[in-house]
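Below is one structure, written out as structure tokens; the observations come after it.
The values are calculated or read from the model by the stated rules, or taken from the named source; none is laboratory data. The structure displayed is predicted, hence computed values, not measured ones. Note that we place each Cβ from the backbone using ideal geometry, even for glycine, and neighbour counts take in every protein chain shown. All accessible areas refer to the heavy atoms of the entire protein, side chains included, with ligands and DNA or RNA removed. Shrake-Rupley method; radii C 1.70, N 1.55, O 1.52, S 1.80 Å.
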Amino acid sequence: MKCPNCKSLNSVILYQNKNMPYGIYLQDKNIDLEVALCKECNFVYQSSAYTAQYDINIKKLYASYKIFDMYNFPNRNYHHLKALEFLNGVVKNHLEYNVLEIGSNRGDFLYLLKESYPNINILGCEPTEFKNLKIPTINTFFDKQLFNTKFDLIILRHTLEHIKYPKKIVNEFTSLLKEDGKVFIEVP
């Protein structure tokens, strides 16, 4: 398979796990998980994710995701609070300050950010079909064509590692930044 990042054919398989469930909410579907390393650009990727069937199953997985009921809202966990602390001094508390979180889940982090900076504008983009969200959210996979505004801050927290074409999405969302805009990316 071609590397999804640089298109090289020089990859090596690092890990395989046959007949693995997609996840706790999609146990009836399995995948032959395969992780590869591109020897040209050192990109590590899930080579088994680049099929039409994988895309169908992932959409079903997001549609059935049930984390909404697992924690009180907003979840003030350690990781949210440390991310807020990290952004202290970056966020400007005024009405023209626009924040987009890609992969906002049920909106806990954006809610806490708005609580800390009440004058900012927040917007989430989340493919999971959560109902009764307490923050403005576009319930779909990210597509830069959905937006007609520029953002001061774009956030991806534990999202980039789920993206099949990370280079492409980074190029797309950075085109939505204001001239002095910032990006906050957090990955495991």
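Within the stretch 160-181, residues that are over 17 Å from SER104 (Cβ atoms) have Cβ atoms under 7 Å from residues that are modelled with pLDDT under 95 in these pairs: LYS164/PRO4; LYS164/ALA49; LYS164/TYR50; TYR165/PRO4; PRO166/LEU160; LYS167/ASN5, counting only partners at least 6 apart in sequence or on another chain. If you go through the stretch 36-56 and keep only what is over 27 Å from THR140 (Cα atoms), open to solvent by less than 50 Å² (accessible area, probe 1.4 Å) and outside any strand (DSSP E or B), you end up with just CYS41. Residue check: LEU33 meets all listed conditions (1) under 27 Å from ASN139 (Cα atoms); (2) surrounded by 11 or more Cβ atoms within 10 Å (Cβ to Cβ) but one, namely (1). Residues that are surrounded by 15 or more Cβ atoms within 10 Å (Cβ to Cβ) and not hydrophobic (A, V, I, L, M, F, W, C), at least 3 per element: which helices (runs of 4 or more DSSP H) completely within the stretch 69-188 meet that? Those helices (runs of 4 or more DSSP H) span 108-116. Taking the condition surrounded by 13 or more Cβ atoms within 10 Å (Cβ to Cβ), of a type in the set (Lys, Arg) and part of a helix (DSSP H, G or I), does LYS60 pass? Here the answer is yes, as LYS60 does meet what is asked. A residue that is modelled with pLDDT of 85 or more and under 22 Å from THR128 (Cβ atoms) cannot be found anywhere in the stretch 9-32. Evaluate the stretch 21-33: report whether one residue or more is closer than 17 Å to ILE163 by Cβ and part of a loop (DSSP other than H, G, I, E, B). Within the stretch 21-33, one or more residues are closer than 17 Å to ILE163 by Cβ and part of a loop (DSSP other than H, G, I, E, B).
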